[in-house]
Every structure is written in structure tokens, then in C-alpha cells.
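Take a look at the structure below.
The values are calculated or read from the model by the stated rules, or taken from the named source; none is laboratory data. The model shown is predicted, which means the values in this text are computed figures rather than measured ones. Backbone-built Cβ (ideal geometry, glycine too); neighbour counts: all protein chains shown.
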Amino acid sequence: MSKHARLETVVDMTDSIPCAPLILPKLQRLLHGSHVTTQQLQSIIELDPGLATSVLRMANSAYFARNQKCESISNAILRLGTTALSRLAVTSQAGNWLNQPVKGYGWEPGDLCRHSLCVAVAAEFLSTSSGLADPGVAYTAGLIHDVGKLALAYANSDGLAEVEKLVPSPYPIWEHAENAVLGYCSADVSKKLLQRWGLPTALIEVATSYLHPSRGDSQNLPLVIIVHAAKSIATELGYGVGIDGFYFEVDEAALSHLNFTEEALQACMPAIVERMDSLVTPDGVINALS
Amino acid sequence: MPDPSITSQSFTSQKQGLVVGVADMVVSTDPDEVLVTYALGSCLGITLHDPTKCIGGLLHLMLPDSQLHSRTTVRPAMFLDTGLPLLLKTMLDAGADEGALRCKVFGGAQLLSADQFFRIGAQNVEACYKLTAALSLRVLVWEVSGRVNRTIRMSNRTGEVRVRVPARPEFIR
């Protein structure tokens with residue numbers, strides 16, 4: 001049996017995902033202003049995987065969910081209203097994950113945020129251009145696709161240090177080394193966390209299967225493949241890519257399944273970079289946080 | 001000594017140096033300047049340096065061939081075939097001697113098992129070998145390929161480039 005934290009322990013330890021500390025003052029100012037719009041709130045929340053996860057989680061809780069799951073951030077904001085959002089922001093402020101150095105994936109501060117943002121932007125772009133998935137859902141799925149990595153880095157960094165030693169030899173794929181050392185991988189953590197939080201099936205399937213879409217039997221296969229393609233693009237562009245990033249296998253069968261081609265995906269990249277330029281400065285600062 | 005001058009589409013000057021974004025470039029004649037670009041991924045970071053005049057330039061390009069992307073907004077630094085000639089011209093316009101120029105190439109990381117898709121790193125490196133030869137550039141360093149995300153900082157005084165990759169000690173090339 002592994003001496004490292006079990007999957008259930010990791011999930012228990014990371015039951016709440018706090019957002020980046022810098023995002024909260026701006027969100028608080030908006031929430032306490034007299035004329036806040038849903039669009040203004042959305043523009044802030046969409047920049048942070050931790051806060052987006054918290055908002056979705058609350059919108060899908062028993063109290064707010066009614067009979068319908070909430071898949072996009074804009075719908076979640078409408079469902080919650082400013083009072084609940086304000087409460088959530090205060091609660092999130094207590095969290096301090098991202099104030100601490102996060103070990104395990106070689107991340108610099110803010111790397112996960114930048115990477116997740118790029119995956120979200122690319123997923124939204126591919127959904128819009130292909131018409132194969134809802135762009136708002138694709139953006140949200142991209143933003144929270146690696147929430148399990150954040151949890152693992154926080155709760156089991158010692159285990160990840162051992163994982164690192166086994167990549168690329170004997171394990172050329174990071175996920176396989178995680179399974180060998182820990183007995184589970186970051187996608188398993190994502191699945192458990194998102195299930196526990198009652199998030200919609202589509203978002204859970206993406207976080208669970210985006211690494212190799214063609215191996216699963218997802219009901220939301222186009223969405224999962226789009227996030228896989230978006231993940232590959234974001235990795236190629238380098239935004240927030242840690243030590244594990246390039247030890248990720250491209251699922252070419254899945255990309256071909258949606259008739260994506262190398263040329264078409266490359267052609268998307270300039271537009272994705274233009275969009276990222278509006279969100280992140282050249283030195284990596286997320287614009288809305290400054 | 002020439003007046004410090006800077007040419008760039010967009011940059012952020014901070015204590016850590018002139019920061020070059022994706023698909024952008026900068027040239028500086030200030031010997032005390034440091035030129036920086038973050039997280040190259042499969043992109044290439046190409047430095048040109050004139051050691052006698054302490055003039056340096058840095059290009060962060062994304063893709064090899066602008067001809068395949070004719071519909072996109074014109075942004076020469078996005079592509080190798082338009083960005084590198086522009087960097088060279090800007091260096092010469094800033095007073096660098098062509099014969100003294102030293103070139104270093106970084107980045108071009110490659111995803112696993114990418115036979116048909118996402119071979120951008122390899123394509124960038126291959127095209128860069130050809131173009132630097134065609135331009136008769138003297139390339140001293142090829143710190144390329146592999147599966148690492150590189151951040152680079154060039155000292156305009158020495159031309160030395162500090163390379164940082166996740167979870168590893170920084171090194172100089």
C-alpha cells in the first residue's frame with residue numbers, strides 16, 4: 001500500500017478551493033457597488049478556477065439547484081444573486097492556498113490560473129468555431145479541468161515529488177507515474193471533488209476524461225475532446241505549464257473523431273493568443289487582478 | 001555610445017527587465033537592460049546580440065510559417081519567417097553590426113506521441129535551422145526541443161542568457 005495520502009484523504013483535505021487572494025478585493029468592490037451587472041461579475045469570476053469552482057458548487061447545491069444543474073458561470077451568477085455571491089467571496093477570502101508556495105508541479109505563483117485561463121479561452125473558441133458544444137460550458141469546463149491537480153499539489157506534494165523522479169523514465173507519461181506512486185491520478189481527484197460538490201455531469205466528465213477522451217464512454221464526448229484539444233493548445237503556447245505539462249499524450253484518434261486537423265488547430269492559435277493578451281500581461285499578471 | 005532606444009509592439013518594463021509577450025519582439029541599445037520572455041512552450045525565443053555595442057534583441061515567435069495564416073491579423077513577430085527578418089532589420093537599424101551578431105535559440109518543446117497533431121515545436125526548430133542558415137546568422141546556442149517550458153532572460157551587456165525551467169536550477173547559455 002502506498003505511504004502517500006489516499007484519494008479520499010486528499011479529497012477531504014481540499015474540500016473547499018479558495019480563489020486567488022488578489023481577485024477578491026475587486027469582486028468585493030463590485031458586489032458592494034450600487035450598479036453591479038451580471039456581466040461585470042462574470043468577467044471577474046471567469047478568471048479564477050478556484051472561485052469559478054466555488055460559484056458552480058454553490059449554484060448546484062441542494063439549496064439553489066432546484067431541478068436543474070447549472071453548467072455555466074453566467075447561469076450560476078443569475079441563480080445565486082449578489083447576496084449569496086458576496087457571502088461566498090467573504091468565505092473564499094479565508095482560504096489561503098495560493099498565498100502559500102504550491103509544490104509538486106513546479107508551478108510559479110499564478111501558473112495554474114494562467115494555464116486554466118488559456119484552456120478555457122481555447123475551449124470557448126473551438127466550441128464557437130465548430131458549433132459542437134456550448135461555448136459557455138466549454139469555457140467553464142476548461143477553467144476547472146485541473147482542479148484535481150490543485151488539490152493534489154496542496155494535499156500531497158511529497159507524493160508528487162516521488163512522481164517527478166519517475167518521469168520520463170520509467171514512465172514517459174506523468175499520469176501513469178501518478179498512478180504508480182499514488183494509486184490514483186489528478187483526474188481521479190477532480191472526479192471525486194466535482195462529484196462531491198454536485199457539479200453537472202458534463203463538467204465531471206471533462207475533468208475525468210480530458211486526458212484521453214477516446215478511452216472513455218462520455219455522454220459529452222465532443223465537449224471532452226474540445227477541452228483535450230484546448231489543453232494541448234494551451235500547453236503548446238506555454239501558459240502556466242509546469243513540470244508535468246509536456247508529459248501529456250495527445251489523443252489523435254479523438255481529435256480526428258471531431259474532424260480536427262493540425263492545420264485547423266494551428267489556425268486557431270493566433271486568435272487565442274490575441275484573447276489571452278487581453279487577459280494576461282506579458283509578464284504573466286492577470287489583468288483583472290491588477 | 002548611442003542613446004538607449006527600444007523598439008517593440010508592446011512591452012512591460014519592470015525591474016526584472018523588458019518583458020516580451022507571445023508573438024512580440026524587443027530591441028534595446030541600453031547595455032544595462034535585461035530582455036525577458038516567459039514560458040516559451042513550443043514557441044521559440046530567439047536572441048540576437050552585438051557584444052561590441054551591447055545591443056540586444058529578443059523575439060518570441062509562435063509558429064513557423066505566416067503563409068498558412070494569411071487570414072489572421074498581421075503580426076510579424078507571431079511567425080518565424082516574418083519575425084526573424086524583422087528582428088534582424090531592427091537590430092541593424094539600431095546600430096548593430098551584422099558581422100558581430102550572435103544568435104541563440106530556445107524553446108520548441110514537444111508534446112508526447114504527436115505524429116499528426118501538435119508538432120509545432122519540431123516544426124519551429126526545423127524551420128529555424130533553415131532560416132538562420134539562409135540569413136547567415138551565427139547561432140551559438142540551440143537550447144531546444146525536449147519536454148520543458150523555458151523562461152529566458154538575456155543580459156544586454158554580456159549576451160548571456162539565463163534559462164529557467166520548472167522545478168530545476170537556473171542555468172546560463
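Laid out as a table, the results:
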{"quantity": "Filtered residues of the range B:112-168 (kept if β-branched (Val, Ile, Thr), away from every other protein chain (no Cβ under 14 Å) and in a loop (DSSP other than H, G, I, E, B))", "calculated": "B:Thr158"}
{"quantity": "Criterion: surrounded by 20 or more Cβ atoms within 10 Å (Cβ to Cβ) and farther than 28 Å from A:His4 by Cα - qualifying residue of A:Ala229, A:Ala267", "calculated": "A:Ala229"}
{"quantity": "Condition met for A:Glu263 (more than 20 Å from A:Val206 (Cβ to Cβ) and part of a helix (DSSP H, G or I))", "calculated": "yes"}
{"quantity": "Flag if A:Glu205 is within 12 Å of chain B (Cβ to nearest Cβ), in a helix (DSSP H, G or I) and of a type outside the set (S, T, N, Q)", "calculated": "no"}
{"quantity": "Yes/no for B:Ala96 being aliphatic (A, V, I, L, M), assigned to a loop (DSSP other than H, G, I, E, B) and within 10 Å of another protein chain (Cβ to nearest Cβ)", "calculated": "no"}
{"quantity": "Looking only at the range B:1-29, and only at residues there that are within 17 Å of B:Arg157 (Cα to Cα), at pLDDT below 95 and assigned to a loop (DSSP other than H, G, I, E, B), the one that is nearest to the other protein chains (Cβ to nearest Cβ)", "calculated": "B:Gln16"}
{"quantity": "Residues of the range B:13-71 classified as free of Cβ contacts under 8 Å to residues at least 40 places away in the same chain, hydroxyl-bearing (Ser, Thr, Tyr) and more than 23 Å from B:Asn149 (Cα to Cα), total", "calculated": "2"}
{"quantity": "The range B:30-40, subset under 20 Å from B:Gly83 (Cβ atoms) and not in a loop (DSSP other than H, G, I, E, B), residue farthest from the other protein chains (Cβ to nearest Cβ)", "calculated": "B:Leu35"}
{"quantity": "Output for the range A:260-285, where each listed residue is touching a strand residue (DSSP E or B) at 6+ places or on another chain (Cβ under 7 Å) and more than 13 Å from A:Ala230 (Cα to Cα)", "calculated": "A:Leu279, A:Val280, A:Thr281, A:Pro282, A:Asp283"}
{"quantity": "Flag for A:Tyr171 being more than 14 Å from chain B (Cβ to nearest Cβ), outside any helix (DSSP H, G or I) and of a type outside the set (Asp, Glu)", "calculated": "no"}
{"quantity": "Residue match in the range A:131-146 (condition: without any contact (Cβ under 8 Å) to a residue 12 or more places away in the chain, over 12 Å from A:Pro49 (Cα atoms), surrounded by fewer than 20 Cβ atoms within 10 Å (Cβ to Cβ) and within 14 Å of chain B (Cβ to nearest Cβ))", "calculated": "no"}
{"quantity": "Selection status of A:Val250, within 14 Å of chain B (Cβ to nearest Cβ) and over 29 Å from A:Val11 (Cβ atoms)", "calculated": "no"}
{"quantity": "Selected residue [surrounded by 21 or more Cβ atoms within 10 Å (Cβ to Cβ), part of a loop (DSSP other than H, G, I, E, B) and within 20 Å of the chain's Cα centre (by Cα)] from A:Val189, A:Val273, A:Val241", "calculated": "A:Val241"}
{"quantity": "Residue among A:Leu199, A:Leu223, A:Leu150 that alone is modelled with pLDDT under 90, surrounded by 23 or more Cβ atoms within 10 Å (Cβ to Cβ), part of a helix (DSSP H, G or I) and on the phi < 0 side of the Ramachandran plot", "calculated": "A:Leu150"}
